[in-house]
Amino acid sequence: MSNRKSVLIPYVLFAFVLGFAWFMLASMVPAIMTELHASLSSTLLFISFYGYAMVIGAIPAGIWTARKGPRPVLTCAVILSIIGLFLRLFAHTYVVFFIAQAIAALAYPFLIAPIGSVLRMSNIRSLKMATGLTIGMLFFGMGLSAIIASHFTVMTGLWVGFILNLIVGIWLLIALRGIPQFDGPMLVRIRVTYSNWWIIGLVVSSTSVMIGGVTASALGHLQIADADAFGGLLSGLTFLGSAVGAGLFGAVAEGLRNAKQLIRTLAILTLLSVLLVTLLMTGHLGHSKAIFDIMFFLAGVFGNGWYTLTLEEAARRAADNGSAGLNTAGYSMASNLGVAIIPVILGPLVISQPTQWITITLILFVIAVILSFVTRVQAD
């Protein structure tokens, strides 16, 4: 049992280095555009690959975990990430970088989507805390790279991302030897169970990405000085807040027999913080940078705390450990389907139709809050 539990630390750290190597590209977009002679939209596609990869790979990753256990799935995640990031180092044309980034992105669903089964089959008992720690470290890696990667050259950043993934990936592969690999179908029945929690994941993840993607443009429209740099800082603060929220509220929920009241409280706090963020971004409130910093950070804290607890609730709807991974895979697929659609459709309205943008965004969150109140929360 202790050997199985030893997989938690490298698993969580691999989530961190995956997020770090992924989101460092956000700070390097102008340099990558110049290097690859690519347009802005074509370059931003590299960042979006991870969301599309989750939509495509989440359910297959969950089914594979349910059939064979987490060991081969996590092994696949490590190999894909290392190969993709290695090829990225030598990609001097758009097509080669496209292929390399696509391979690296496929590691995301195989690492994160089956988290419900990974933790249970590793004999982890503090499931809410472990879920929060894993998701929190993913966002911490994204936030840290968003802030510091601008100080790297493109090549230096790509090497740092590869080396970190290589070191932690080898550690995870060694730790996985303590988890048995199944020789055949483990379950007689494997079933994915939809729940309202999926909608909450879709709303939180898609609007978080949308806000992060349009912040710099919205600040520039408001003629705020150094809008690009300030927008990058705010995105980084949101992700760091997400890391804090996932870890903090995952740990708090661990001591509760029923997380119902905490989930509802976080739903309300997220709604209020998003309201203030949208009002700030559209110029309806003052332009104090300190207020921007605080509200973007808190939106990440409350939003990802809410996301983490509902992700674990989705896993708890499963009848067995194997299907738990399939349920979290479905939750992740729904979340990233929203990421692929909502920012593209709704995001541009922040400049062209700011009132409509605020209204639609808040309607989405009101629906999610209502679902938090009407959906049954299972007691431990």
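The values are calculated or read from the model by the stated rules, or taken from the named source; none is laboratory data. Quick caveat: nothing in here was measured; it's all calculated off a predicted structure. Here Cβ is always computed from backbone atoms with ideal geometry, including for glycine, and neighbour counts include all displayed protein chains. Calculation scope for accessible area: heavy atoms of the full protein, side chains included, ligands and nucleic acids excluded. Shrake-Rupley method; radii C 1.70, N 1.55, O 1.52, S 1.80 Å.
Test G247 against the criterion of being of a type outside the set (D, E, K, R), closer than 18 Å to G141 by Cβ, open to solvent by less than 70 Å² (accessible area, probe 1.4 Å) and out of contact with any Asp or Glu (no Cβ under 9 Å at 6 or more places or on another chain), and give yes or no.
So G247 fits the description; yes.
Contact list please: Cβ distance under 8 Å, first residue in the range 37-59 and more than 13 Å from A102 (Cα to Cα) and in contact (Cβ under 8 Å) with a residue 40 or more places away in the chain, second residue open to solvent by 40 Å² or more (accessible area, probe 1.4 Å) and part of a loop (DSSP other than H, G, I, E, B), pairs at least six apart or on different chains.
Close Cβ pairs (under 8 Å, with a partner that is open to solvent by 40 Å² or more (accessible area, probe 1.4 Å) and part of a loop (DSSP other than H, G, I, E, B)) amount to I59/V192.
On the given criteria, is F23 buried (at least 23 other Cβ atoms within 10 Å of the Cβ), under 16 Å from the mean Cα position of the chain (by Cα) and of a type outside the set (S, T, Y)? If you could, list the steps in order and put the result at the bottom.
Numbers: buried (at least 23 other Cβ atoms within 10 Å of the Cβ): yes; under 16 Å from the mean Cα position of the chain (by Cα): yes; of a type outside the set (S, T, Y): yes.
Judged against the criteria, F23 is a match.
Please list, ordered by first then second residue, the pairs with beta carbon atoms under 8 Å, 6 or more apart or interchain, first in the range 67-84 and at positive phi, second open to solvent by 40 Å² or more (accessible area, probe 1.4 Å) and in a helix (DSSP H, G or I).
From residues that are at positive phi, there are no pairs.
So that you can scan it fast, the table gives a plain yes or no per residue for (1) under 26 Å from P354 (Cβ atoms); (2) in contact (Cβ under 8 Å) with a residue 12 or more places away in the chain; (3) in contact with a His (Cβ under 9 Å, 6 or more places away or on another chain):
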residue	(1), (2), (3)
L266	no, yes, no
T278	yes, yes, yes
D293	yes, yes, no
F302	yes, yes, no
W306	yes, yes, no
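Being open to solvent by 10 Å² or more (accessible area, probe 1.4 Å), within 22 Å of A38 (Cβ to Cβ) and in a helix (DSSP H, G or I) is the filter here; which residues of the range 77-97 pass it?
Matches in the range 77-97: F86, L87, Y94, V95, V96.
Name the single residue that is modelled with the highest pLDDT among those in the range 118-151 being open to solvent by less than 10 Å² (accessible area, probe 1.4 Å) and more than 18 Å from the chain's Cα centre (by Cα).
Only one residue fits best here, namely A149.
Scan the range 98-109 residue by residue and report those that are within 22 Å of F16 (Cα to Cα) and either touching a Phe, Trp or Tyr at 6+ places or on another chain (Cβ under 8 Å) or open to solvent by less than 10 Å² (accessible area, probe 1.4 Å) (or both). Lay out the reasoning, then the answer.
Taking the range 98-109 and keeping what is within 22 Å of F16 (Cα to Cα), we get 100-109.
Listed by number, the residues that qualify are A100, Q101, A102, A104, A105, A107, Y108, P109.
Quick one: is I32 aliphatic (A, V, I, L, M), within 30 Å of I124 (Cβ to Cβ) and assigned to a helix (DSSP H, G or I)?
no
List the pairs whose first member sits in the range 224-244 and is at negative phi, whose second member is of a type in the set (A, V, I, L, M) and open to solvent by 40 Å² or more (accessible area, probe 1.4 Å), and whose Cβ atoms are under 6 Å apart, counting only residues at least 6 apart or on separate chains?
G236/I147
From the list V78, V55, V96, exactly one residue is of a type outside the set (S, T, N, Q) and within 16 Å of the chain's Cα centre (by Cα). Which is it?
The match here is V55.
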